Amino acid sequence: MLAILVAGLIAAAAPSMALDGVSAQAGLRLVAMRPLQVVGQGFQPLEHVTLVATVRDDRVTRRVVATRAGRFRVAFRTLYVDRCTSFGVRARGSAGTRATLAQRPLTECPEPAGP
């Protein structure tokens with residue numbers, strides 16, 4: 001009887017543990033720089049995700065719905081970066097899933113020209 005009770009508790013907890021595991025693994029990956037494109041993974045199935053990309057003084061927002069596998073791809077068509085450009089992308093899902101991606105200029109990049 002105790003074994004059945006323990007098995008039932010484990011089975012009841014398994015779905016929430018799986019959802020927590022997905023959320024903990026959420027991330028963004030850069031896939032293109034011209035224009036800026038990112039891929040997200042580890043979000044909840046069909047989760048609505050708001051992404052905000054910041055490059056220099058430009059900020060662009062995109063909204064997407066993750067696939068059943070918790071993935072998406074987003075292009076920020078007006079933003080262009082290179083290896084010397086600082087940028088950041090922040091993703092926030094409707095189920096509370098979050099991920100960020102940031103790039104700082106490489107040390108060998110020239111200093112930006114002043115006014």
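Just so you know, all these numbers are worked out from the coordinates, no wet-lab data involved. Predicted, not measured: the structure shown is a model, and the values here were computed from it. Positions of Cβ are backbone-derived with ideal geometry, glycine not excepted, and every protein chain shown enters the neighbour counts.
Count neighbours as other Cβ atoms within 10 Å of each site's Cβ, and list the chymotrypsin sites (Phe, Trp or Tyr not before Pro) in the range 23-115 that are DSSP loop with at most 15 such neighbours. Provide the component values of the computation, followed by the final result.
Working: sites: 43, 72, 76, 80, 87; in loops: 43, 80.
Passing both the DSSP loop test and the Cβ count: 80.
How far is it, in nm, from the label point at residue 50 to the one at residue 106 when both lie 7 Å from their Cα along the line to the Cβ?
Taking the two extended label points, one gets 3.6 nm.
Filter the trypsin sites (Lys or Arg not before Pro) in the range 48-106 to those in DSSP coil with at most 15 other Cβ atoms within 10 Å of their Cβ, and list the result. Write down the numbers at each step before the final one.
Values: sites: 56, 59, 62, 63, 68, 71, 73, 77, 83, 90, 92, 98; in loops: 56, 68, 71, 77, 83.
Listed in order of number, the matching sites are 56, 68, 71, 77, 83.
In a shell of Cβ-Cβ distance under 9 Å around residue 38, excluding residue 38 itself, what net charge do Lys and Arg (+1) and Asp and Glu (-1) give? Intermediate results must be reported in sequence, preceding the final value.
Details: positive: 29, 73; negative: none.
Value of the local net charge: +2.
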